[in-house]
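Below is one structure, written out as structure tokens; comments come after it.
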Amino acid sequence: MTRNQDLFTRSQQRIPGGVNSPVRAFKAVGGTPRFITRAQGAYMFDADGQRYIDYINSWGPMILGHSHPEVLAAVQEAMAQGLSFGAPTEREIELVEAIAGHLPSVEMARLVSSGTEAGMSALRLARGATGRQKIIKFEGCYHGHADALLVKAGSGLATFGNPTSAGVPPEVVKDTLVLPYNDVAALEQAFNEHGNALACVMIEPIAGNMNFVRASLPFMQRCRELCTQHGVLLVLDEVMTGFRVGLGSAQGWYAQHLPGFAPDLTVLGKVIGGGMPLAAFGGRRDVMEQLAPLGPVYQAGTLSGNPVATACGLATLRAIAKPGFFDALATRTQRLVQGLVQAGQDAGVPMCGDSEGGMFGFFLLPSLPQNYAQVMQSDGARFNAFFHAMLERGVYLAPALFEAGFVSGAHSDADIDATIEAAREALRAG
Ligand code: KE4
């Protein structure tokens, strides 16, 4: 028994599935999860002393790499002043001002403790601000585990959703319409039928929960136009892409290609907390001012804007805003994806990939998928074998073919080279 196996056996006695979040259990890829003892820079170390080049980055937050000195110093200084007050602090203002400084669409924001809480609150706010109940989400997008958003496409796809989880009453999801991603015709039909009853459209602009699928420019433009036309709020779920694909996040990328593009609300998490429990939702002032204590939409949280978490997030945002950070990160991430794709082609394995900033995806497919159905045509068994072959070579990729990968500012060119070499060996091994 390795130490990882021993810990996994023990953890399963007291924690469901042995993990505090399902994807960590390696159910999709099989095998024993690695119990991490420490992490430094681009590396994580497991209970058996194995070092891994880390492409999980805690599912996105660790964009600077682990144990970044400036972040640790800020957290240690904050901790010494107190862990939690349940009262406002200046640093909460500073963090929201920093977010708003990079995202012009965010005129106001509220801090919460998880992406789920942010998405759930944004949904309630959209419904409260518009007085409407129906919402649109897209197949393959994940917005956290709030009941109304745990919805899979109905049999006919563009139908009102069915719960993806036990315990979610059908009446909670009856107003959640699930559409195919990147399908303009389905979107237009949904607006024709329900436009004036819709509170919001919620979308991952680059769907990291389908590994890495971009909303096409025509599709995103149509989302914006139809929402504006029907008084529907466009909510970008940037929990994963926010401050990960660029300082302007994904909305900044779309605004470069669609002049004047801006969402009405944005959901953020991960990077803005720098690895601590912190997320946010924000957007138009007239909408945000519907929140208690100003307006009728209730939302609250004991640890919202926690002083240690805001110190971690603020130090992270300040570090990634330094000149050249994202250029270097994007270049390294692109080189990684190009190397993986080339390794696939040289081994006669269909492989394609894409990246933006420090977020990437690769698929065991001949061409980039545009929606969930196409992603799931990937060869799952071959992905699982590749995942474990890479893990054995000290490279920790996302343990599921529908998850994105992340590069940090701490990943060196040597780490990228070593990863590509490991992929060449793993793919040759078959
Ligand atoms: P959290 O509640 O896990 O902080 O955030 C939920 C969430 C919301 N929106 C998007 C676009 C997200 O990607 C997430 C969470 N992402 C997953 C990874 N696909 C977190 C990993 C996990 O569930 O353990």
Requested in this report: Being touching a residue at least 60 places away in the same chain (Cβ under 8 Å) and either more than 17 Å from the chain's Cα centre (by Cα) or more than 22 Å from I206 (Cβ to Cβ) (or both) narrows it down to one of Y396, Y372, so name that one.
Outcome: Y396
Report summary line: Contact list, first residue from segment 196-215 and closer than 20 Å to L226 by Cα, second anywhere and of a type in the set (A, V, I, L, M) and within 9 Å of the ligand (Cβ to nearest atom), beta-carbon distance below 9 Å, six or more apart or interchain, is M202/L149; M202/V267; E204/V239; E204/M240; I206/M240; I206/A404; R214/A207; A215/A207
**Report entry** A400 being more than 17 Å from T419 (Cβ to Cβ) and touching a Pro at 6+ places or on another chain (Cβ under 8 Å)
**Finding:** no
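Rundown of residues vs (1) basic (K, R); (2) more than 17 Å from T116 (Cα to Cα); (3) out of contact with any Ser or Thr (no Cβ under 7 Å at 6 or more places or on another chain); (4) within 13 Å of the ligand (Cβ to nearest atom), yes/no style:
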| site | (1), (2), (3), (4) |
| --- | --- |
| L268 | no, no, yes, yes |
| P277 | no, no, no, yes |
| F281 | no, no, no, yes |
| R284 | yes, yes, yes, no |
| E289 | no, yes, yes, no |
| G295 | no, yes, yes, no |
| S304 | no, no, no, no |
Query raised in the report: Restricting attention to segment 1-34, which residues are within 22 Å of the chain's Cα centre (by Cα) and either over 19 Å from F406 (Cα atoms) or of a type outside the set (D, E, K, R) (or both)?
Result: V19, N20, S21, P22, V23, A25, F26, K27, A28, V29, P33
Report task. Can you confirm whether segment 323-333 contains a residue that is polar (S, T, N, Q), farther than 30 Å from L72 by Cα, surrounded by fewer than 16 Cβ atoms within 10 Å (Cβ to Cβ) and modelled with pLDDT of 95 or more? Result -> no
Query raised in the report: Which condition number in (1) in contact with a helix residue (DSSP H, G or I) (Cβ under 6 Å, 6 or more places away or on another chain); (2) more than 21 Å from S304 (Cβ to Cβ); (3) buried (at least 19 other Cβ atoms within 10 Å of the Cβ) is the one that D54 fails?
Result: (1)
Report task. Considering each of A250, A186, A207, A215 in turn, give the residue that is among the small types (G, A, S) and more than 16 Å from the ligand (Cβ to nearest atom). Result -> A186
Requested in this report: Could you tell me whether any residue of segment 337-350 is without any contact (Cβ under 8 Å) to a residue 40 or more places away in the chain, farther than 22 Å from R424 by Cα and out of contact with any helix residue (DSSP H, G or I) (no Cβ under 7 Å at 6 or more places or on another chain)?
Outcome: no
Report task. Might you let me know whether segment 309-331 holds any residue that is touching a residue at least 24 places away in the same chain (Cβ under 8 Å) and touching a His at 6+ places or on another chain (Cβ under 7 Å)? Result -> yes
Requested in this report: Filter segment 114-141 for residues that are out of contact with any strand residue (DSSP E or B) (no Cβ under 6 Å at 6 or more places or on another chain) and within 12 Å of V267 (Cα to Cα) and give the result.
Outcome: T116, E117, M120, L123
**Report entry** Only listed residue being part of a helix (DSSP H, G or I) and surrounded by fewer than 15 Cβ atoms within 10 Å (Cβ to Cβ), chosen from R428, R424
**Finding:** R428
Requested in this report: Could you please give the count of residues in segment 1-39 that are within 14 Å of the ligand (Cβ to nearest atom), small (G, A, S) and surrounded by fewer than 18 Cβ atoms within 10 Å (Cβ to Cβ)?
Outcome: 3
Query - Residue that is farthest from the ligand (Cβ to nearest atom) [pool: residues in segment 166-183 that are surrounded by 15 or more Cβ atoms within 10 Å (Cβ to Cβ) and in a loop (DSSP other than H, G, I, E, B)] - result: K174
Report task. Output the residue which, of all residues in segment 334-359 that are over 23 Å from I63 (Cα atoms) and not aliphatic (A, V, I, L, M), is surrounded by the fewest Cβ atoms within 10 Å (Cβ to Cβ). Result -> G348
Report summary line: Reported set for segment 100-133 where residues are in contact (Cβ under 8 Å) with a residue 12 or more places away in the chain, away from the ligand (no atom under 16 Å from the Cβ) and part of a helix (DSSP H, G or I) is A100, H102, R127, G128, A129, T130
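Every residue, every condition in (1) assigned to a strand (DSSP E or B); (2) over 18 Å from A400 (Cα atoms); (3) more than 20 Å from the chain's Cα centre (by Cα), yes or no:
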{"site": "P350", "(1), (2), (3)": "no, no, yes"}
{"site": "D354", "(1), (2), (3)": "yes, no, no"}
{"site": "S367", "(1), (2), (3)": "no, yes, yes"}
{"site": "Q377", "(1), (2), (3)": "no, no, yes"}
{"site": "F383", "(1), (2), (3)": "no, no, yes"}
Requested in this report: Please state which of the following conditions M44 fails to meet, knowing it meets all the rest: (1) buried (at least 18 other Cβ atoms within 10 Å of the Cβ); (2) assigned to a loop (DSSP other than H, G, I, E, B).
Outcome: (2)
Query raised in the report: So which residues in segment 4-43 are among the charged types (D, E, K, R) and at pLDDT below 95, if there are any at all?
Result: K27
Report summary line: The correct count of residues that are under 17 Å from M44 (Cα atoms) and either of a type in the set (S, T, N, Q) or at pLDDT below 95 (or both) in segment 400-430 is 3
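The values are calculated or read from the model by the stated rules, or taken from the named source; none is laboratory data. Note that this is a predicted model, so its numbers are computed, not measured. No Cβ is skipped: glycine too gets one built from the backbone with ideal geometry, and neighbour counts run over all protein chains shown.
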